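Asker: Have a look at this one.
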């Protein structure tokens, strides 16, 4: 094992939580059952890493084996950074019939045509997701395995999830993805977060949604909210039901995808028709509002249902689930975000 492979392996082993290290090494399969039994999992991390490194050197492992371990860890525990969601647009006739082998071969061929030194590893997960690990180099340097880009694409869908992509390599990756998936373009849909599964559920609508109805369920047929007074007066029961129904219609009727932030950027011009103050100013005034929570959608739903936030739900909040976005630009023309509006810098 060369020095760079050993350094990367040590870095990966230190990153994996102690409770997850044994199952990840088991799934890796690079160490024999006897070697795994000899590992001191109950000891401190440093001697354990030293033992794993020694066994890997004895087995003659290379950078290929080390990157395989890193990829297994990312697939099993994908919440390791910030993911940004993109959508493939304008499919060609054969796009939906693309299979894994064809996509893999086309992607590797197109990306290697664009850049000389690049390392690509592709693996299909059990949930039909295609995972891609890319270590970038350039025309003069070898691929840097310490700062790889991860890409997740669900075949037969237009969605692509990307983590840790350098601005320099963005057009190269986008072009390779578009050509391999047989689409015409790839656009940023302005949705990002740590939880890959939640982002997937949000854009693919894989969570329990609620739809508008004029006949909300009676109060006694649903679970009361924690803050509800069991002795609430009857005249308020109907209003409470309507508010609760509005919250469900906006955010769903079950566990919600986990988002941590929503960002609203305001761009407006100052208007003073009487005094003409700042009337000659061409640049708009700008401001940013950021909502943060360990589970933002659940917090918003609870706030509406309990009356903390007003109902009906403003489109600025309901658009998170309806449009699958958590970055918006609000201008004088109204709330929303245009297709050519740049997203936040990451």
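Read the figures in this text as sums done on the coordinates, not as results from a lab. Worth saying up front: this structure is predicted, and the values here are computed from it rather than measured. Heads up, the Cβs are rebuilt from the backbone with ideal geometry, glycines too, and the neighbour counts pull from every protein chain shown.
Asker: Find the percent of Cα-Cα distances in the stretch 1-125 that exceed 26 Å, and round it to a whole number. All intermediate terms of the calculation are to be shown ahead of the outcome.
Answerer: Values: 2757 of 7750 pairs.
Taking all Cα-Cα pairs of the stretch 1-125, the fraction more than 26 Å apart is 36 percent.
Asker: For the stretch 3-76, take N as its residue count and report Rg(C-alpha) divided by 2.2 N^0.38 Å.
Answerer: Details: Rg = 11.0 Å, N = 74, 2.2 N^0.38 = 11.3 Å.
Taking N as the residue count of the stretch 3-76, the ratio is 0.97.
Asker: Could I have the simple spin-label model distance between residue 64 and residue 164, label points 7 Å from Cα toward Cβ, reported in nm to one decimal?
Answerer: It works out to 2.2 nm between the two label points.
Asker: If I model a spin label at residue 291 and residue 271 as a point 7 Å from the Cα along the Cα→Cβ vector, what separation in nanometres do I get?
Answerer: For residue 291 paired with residue 271, the spin-label model returns 2.5 nm.
Asker: Applying a 10 Å radius around every beta-carbon, put 240-246, 197-203 in order of their mean neighbour count, most first. Present the calculation step by step, with values, prior to reporting the outcome.
Answerer: Values: 240-246: 19.1, 197-203: 20.7.
Those peptides, ordered most packed to least, come out 197-203, 240-246.
Asker: Could you tell me what % of all Cα pairs in the stretch 83-202 have separations over 17 Å?
Answerer: On the way: 3786 of 7140 pairs.
Counting every Cα pair in the stretch 83-202, those more than 17 Å apart make up 53 percent.
Asker: Sequence gap at least 6, Cα distance under 8 Å: using those rules, report the relative contact order of the stretch 1-126 to the nearest whole percent. Walk me through the numbers on the way to the answer.
Answerer: Numbers: 55 pairs, mean separation 36.0, N = 126.
Answer for the stretch 1-126 is 29 percent.
Asker: Expected output is a single nm value to one decimal: the length gained when fully extending between residue 113 and residue 41, i.e. 0.36 nm times separation in residues minus the C-alpha distance. What is it?
Answerer: Numbers: separation 72, 0.36 × 72 = 25.92 nm, distance 4.43 nm.
So the chain would gain 21.5 nm between residue 113 and residue 41.
Asker: Using the count of nearby Cβ atoms within 10 Å as a rough guide to exposure, how do 56, 89 rank from fewest to most?
Answerer: Numbers: 56 22, 89 13.
Neighbour counts put them in this order, fewest first: 89, 56.
Asker: Further question: Just grab the label-to-label distance for residue 90 and residue 4, each label 7 Å out from Cα along the Cβ direction, in nm (one decimal).
Answerer: 3.9
Asker: Let me ask you something else. Does a label point 7 Å from the Cα of residue 123, set along Cα-to-beta-carbon, have any residues of the stretch 1-43 with amide nitrogen under 12 Å, and which are they?
Answerer: Once the point is set 7 Å along Cα→Cβ of residue 123, 24-30 turn out to lie under 12 Å by backbone N, inside the stretch 1-43.
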